[in-house]
Amino acid sequence: MTLDAFRAVLAANPAAPLYLMLPDGSFVPEHFHVTEVGRVQKDFIDCGGTVRSATSCVLQVWVATDTAHRLDTAKLAKIVALADPLLPSADVPVEVEYESGVVAQYPVAAAEVTPSGVLFHLGTKHTACLAPDRCGVPATAGAGCAAPGCC
């Protein structure tokens, strides 16, 4: 989900409770805090030698012991708006960084408006060979590079 689409969901559902569903179907506890909104830019060279760049808006989510705390769509919209000067475009993908055993980043895959509030479905990220033509990876391989000296 892009930042623009994320903001639109928040704006269309003012003061609604928020829920974050992890890829395994479990939920981030309802009393989560959004402690950071940031632009993360990754500049890299893929295994075929192509220089690439990827930018995203990352919401860091943290769970404290204050179980009476509850973030709603209006408050989150205000927090996200504070990061406007840092975000180059509203077309960047939104990810949630959350720690449950390990710190992981989950792309926001979809939003669902329910009678209980707004449910954001979090997806998964995967690794891949970005230069299969240079590495000799068949299109159906999907398991990384196979050519010597690649990856």
- Could you tell me what percent of the DSSP beta bridges with both partners in the chain are antiparallel, to the nearest 5? 75 percent
- Note on the structure: Rounded to the nearest 10, the angle in degrees between the Cα long axis of helix 73-82 and the longest principal axis of the Cα atoms of the chain comes to 60 degrees
- Convex hull of Cα atoms in the chain, direction-averaged projection (nm²): 10.7 nm²
- Query: Once you have the alpha carbon radius of gyration of region 1-71, what is it after dividing by 2.2 N^0.38 Å, with N set to its residue count?
  - Reply: 1.46
- Helix-derived mean residue ellipticity, 222 nm - over the chain, DSSP H n ≥ 4, -39500 (n - 2.57), to 500: -4500 deg cm²/dmol
- Could you calculate the contour length gain from ILE45 to ALA109, that is, 0.36 nm times the residue separation minus the distance between their Cα atoms, to one decimal place in nm? 20.4 nm
- Task: Return the distance in nm (one decimal) between the two label points of a simple spin-label model at LEU86 and HIS33, each offset 7 Å from Cα along Cα→Cβ.
- Result: 1.5 nm
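Throughout, read-outs are computed from the coordinates displayed, never taken from laboratory work. These numbers come from a predicted model, not from an experiment. FYI the Cβ positions are ideal-geometry reconstructions off the backbone, even for glycines, and counts take in every protein chain you see.
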